[in-house]
Each structure stands twice: as C-alpha cells, then as structure tokens.
Amino acid sequence: MKLQRKNRLRALSLGAVAVSGALALTACGSNDNGSSSGSSSNPSTSANASSIKCDNAKGQLLADGSSAQKNAIDAWVKNFSQACGVQINYKGSGSGAGVTAFTQGQVAFAGSDSALKPEEVTASKKVCSGGQGIDLPMVGGPIALGYNVPGVDNLVLDAPTIAKIFDSKITKWNDAAIKKLNPSATLPDLKIQAFHRSDESGTTDNFTKYLIAATPSNWKYSGGKAWQAKGGQSAPQSAGVAQQVKQTSGAIGYFELSYVSDGIKAVSVDTGASKPVAPSTESATADIAAAKIVGTGKDLALKLDYKTKAEGAYPMTLVTYEIVCDKGNKADTLPATKAFLNYIASEDGQKLLSTINYAPVPDAIIAKVRTTIAGLS
C-alpha cells in the first residue's frame, strides 16, 4: 500500500514538472511589451531545427532597431530560440533608436533600413574594440503605400502625385491629378489624411530617397530618417502608421508590405513602364537585384535604383541591415550573435522571407554576407 502511494505521488510530481515545462515554453513564446522572443504563430515560418547550427550559442541577446523587419525577426527568433534555447529580445523601436543603442553599446546588434553614416561608424569604434560597425544586408522588401479610401480598390499613383500628397499640395482624393491616373475609378470628394513616421526611421529615409530621385522638382527636402515635409499626421513605427491608416477614412501612409492587412489596400505605382507595378516580394526582388555594393572593406552597404522603369520592378524598396561589430564584439554574446546571423543569412532563413511578404537578398550579395559573418570576432 505504501509502495503504491509512493508511486502515485511520484507520477503526480513528474506530471507537474511536465506542465511547468510546457508553461515555461509558452511564456518564452509571448511578450507583453511587443518585443520579440519568438512569438510568431504563422505555421509557414516553422523550420527544421536540425538545419540551424547553434555553435555554442547560449544566454540572451538584446537587439533593437528597424520596425520594418520586425515581423521577419519575430519569425526567425521563434525558429532559432526553439532550436538553440537562446532568448532574443528585439525591440523594433525604429532604425534611429537601434543605431543609437548600438553605438552606445546597449545591444549585441541593431537593425537599420539605412546604412551607417560616417559619424555613426566613428561612434561605433568606441564599442567595437579594434573594429567598427558594419552593415550586413539581410531583409528586402517593398515600401507599400497603404490607403483607406471607400469604394476605391485599385488606386494608381505616380511619383509627382505621391510627392504632392505627402507635401500637402494635393489634399482631396478627387483631385484632377489622381483622376487622370485613375480614369475608371469613382474618387470621393474626401480629404486626404497623409500619415508619416513620428520617430526617426529608415523607412522614411528610403521613401524620401525615392521621391528625391524620382521627382526632385516636387520634393525639395534633403531627406533622412526624420520627416521634413510640412503638414500631415504622424504615428510611431510602421505598425503605428498602419493602424492609423486602417482606422481613418481617407488615409494614406507608407510602411512595409507585411503591414498591409484587412482594411488597407496598396497603391500600384506608375513608373513609366508599360503598366503600373504593385508592391510584392517579386517586384521588390526585381529592383533589389540591380543593387550595387557601395560599402568598403567588410561593410556591405547597397545603393538601390529608385528611378527604375524596368518592367515589373517596384521602385520603393528598402533593404534592412543588421549592424554588428566586425571586430571587438562582446565575448559573452558573440557566439549567439554569430549563430543567429548565420541562420537568418542561410538558405532556410532567406527562404522564409518570401512567405511573410519580404524579399530575400540576392544570391550574390547574401553569399558575401555569409562570408563576412564567419569572420566576425
């Protein structure tokens, strides 16, 4: 009788351990503050754990930066954390915040939709002992112009019209310039509510680079991560702009294609090609494939063609860089940092991108990224 009772208590104890383990795993997959520790539940993002090489990775990594790549990072982190047991907290506070956190030594790596500026490289040398911060292109994708205009399903705009909308020169949806581009659409007499980023953003930088390149006579601003045009409304991060567009009739805003959802439609852009080009992973890849490496040494910063008129190429694209020290990374985070970057640059990591509305980095460029990661120290 005593033996049976002892066995029964032992079984209950083991069951409690199993339940607590399951709860611990569940807790690792959720995060109340919006940071990423593997919270994506998209079944298409699952990976074969055996294909991820952990290479002595352990502990935790703190990272911050681009909100454009947040959905990609979430999916990658889920797979990597399940395979290697490393917790990665990616805040996604925006490119400007990420670069600042990196140059202040607060994060193991940062994400930015703009390559490091010379002064930022100089600042990084203080935290990269014997080295400096470098740009590793990892995520591509289109910058979608999401809009919420009742009764309008297939809106077409060109660069001059886009510039005038975001510079408060065109203020109604039934403006003659918009009518000319959409002759069969029933455009309402509705005020345009143009939303831009309130925080420093690489998405803003790339969006305004497109306007400067494609229609310089209509966009007189110098560009950069901070919004410069007058008027309009603002919201923080890509998710914030997308939310405002979704809930505001007459709204338009810029953000990554992965943020286009129910209640938001995407503009097709008249580039001068035979027909307007919609944002997609394929149309973004067509543009990014023509990118040139302009970084020096181990830095792999790219120059994109914002004025493309190639058939099927979408001109408003961006590439998100992972920023890391080429030398002088902290010894306690280097193994996990290298292992994670190796995974996301791998064939499996890049393949995942197209399943969640991002574009993989072209083969010739990502091959150089993998070589560079292998040499990090």
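The values are calculated or read from the model by the stated rules, or taken from the named source; none is laboratory data. Note that the structure is predicted; figures quoted are calculated from it, not measured. Please note: Cβ atoms are built from the backbone with ideal geometry, for glycine as well, and neighbour counts cover all protein chains shown. Only protein heavy atoms, including side chains, enter the accessible area calculation; ligands, DNA and RNA are left aside. Shrake-Rupley method; radii C 1.70, N 1.55, O 1.52, S 1.80 Å.
So here's what we get for this one:
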{"quantity": "Any hit, segment 356-366, residues being among the acidic types (Asp, Glu) and in contact (Cβ under 8 Å) with a residue 24 or more places away in the chain", "calculated": "no"}
{"quantity": "Scope segment 331-355; condition touching a residue at least 60 places away in the same chain (Cβ under 8 Å) and part of a loop (DSSP other than H, G, I, E, B); matching residues", "calculated": "ASP332, THR333, SER346"}
{"quantity": "Selected residue (only one of ASP74, ASP64, ASP55, ASP113 is modelled with pLDDT of 50 or more, acidic (Asp, Glu), touching a Leu at 6+ places or on another chain (Cβ under 9 Å) and under 30 Å from LYS298 (Cα atoms))", "calculated": "ASP113"}
{"quantity": "Yes/no for TYR221 being open to solvent by 50 Å² or more (accessible area, probe 1.4 Å) and either among the aromatic types (Phe, Trp, Tyr) or touching an Asp or Glu at 6+ places or on another chain (Cβ under 8 Å) (or both)", "calculated": "yes"}
{"quantity": "Segment 220-242, residues that are polar (S, T, N, Q) and either touching a helix residue (DSSP H, G or I) at 6+ places or on another chain (Cβ under 6 Å) or more than 19 Å from GLY141 (Cβ to Cβ) (or both)", "calculated": "SER222, GLN228, GLN233, SER234, SER238"}
{"quantity": "Residues being farther than 16 Å from PRO360 by Cβ, aliphatic (A, V, I, L, M) and in a strand (DSSP E or B) - total across segment 274-330", "calculated": "4"}
{"quantity": "Test: residue in segment 101-122 that is part of a helix (DSSP H, G or I), crowded, with 24+ Cβ neighbours inside 10 Å and of a type outside the set (Ser, Thr, Tyr)", "calculated": "yes"}
{"quantity": "Any hit, segment 171-179, residues being surrounded by 18 or more Cβ atoms within 10 Å (Cβ to Cβ) and hydroxyl-bearing (Ser, Thr, Tyr)", "calculated": "no"}
{"quantity": "All positions within segment 305-330 that are within 14 Å of THR285 (Cβ to Cβ) and open to solvent by 30 Å² or more (accessible area, probe 1.4 Å)", "calculated": "ASP305, ALA310, GLU311, GLY312"}
{"quantity": "Conditions (1) farther than 24 Å from SER67 by Cβ; (2) touching a strand residue (DSSP E or B) at 6+ places or on another chain (Cβ under 8 Å); number of the one not met by LYS169", "calculated": "(2)"}
{"quantity": "Residue match in segment 159-171 (condition: closer than 16 Å to ASP326 by Cβ, part of a helix (DSSP H, G or I) and not polar (S, T, N, Q))", "calculated": "no"}
{"quantity": "Sole exception among (1) within 27 Å of LYS298 (Cα to Cα); (2) modelled with pLDDT of 95 or more for TYR147, by number", "calculated": "(1)"}
{"quantity": "Residues (buried (at least 22 other Cβ atoms within 10 Å of the Cβ) and not β-branched (Val, Ile, Thr)) located in segment 129-156", "calculated": "GLY133, ASP135, LEU136, PRO137, MET138, GLY140, GLY141, PRO142, ALA144, LEU145, GLY146, TYR147"}
{"quantity": "Residue within segment 198-211 that is part of a helix (DSSP H, G or I), open to solvent by less than 40 Å² (accessible area, probe 1.4 Å), among the β-branched types (Val, Ile, Thr) and under 19 Å from GLY98 (Cα atoms) present", "calculated": "yes"}
{"quantity": "Only listed residue being out of contact with any strand residue (DSSP E or B) (no Cβ under 6 Å at 6 or more places or on another chain), within 29 Å of LYS351 (Cα to Cα) and hydrophobic (A, V, I, L, M, F, W, C), chosen from ILE134, ILE143", "calculated": "ILE134"}
{"quantity": "Yes/no for GLN228 being more than 20 Å from PRO150 (Cβ to Cβ) and either assigned to a strand (DSSP E or B) or not aromatic (Phe, Trp, Tyr) (or both)", "calculated": "yes"}
{"quantity": "Cross-chain or 6+ apart pairs with Cβ under 8 Å, segment 276-298 first and over 30 Å from VAL156 (Cβ atoms), then assigned to a loop (DSSP other than H, G, I, E, B) and open to solvent by 20 Å² or more (accessible area, probe 1.4 Å)", "calculated": "GLY295/ALA115; GLY297/ASP326; LYS298/ASP326; LYS298/GLY375"}
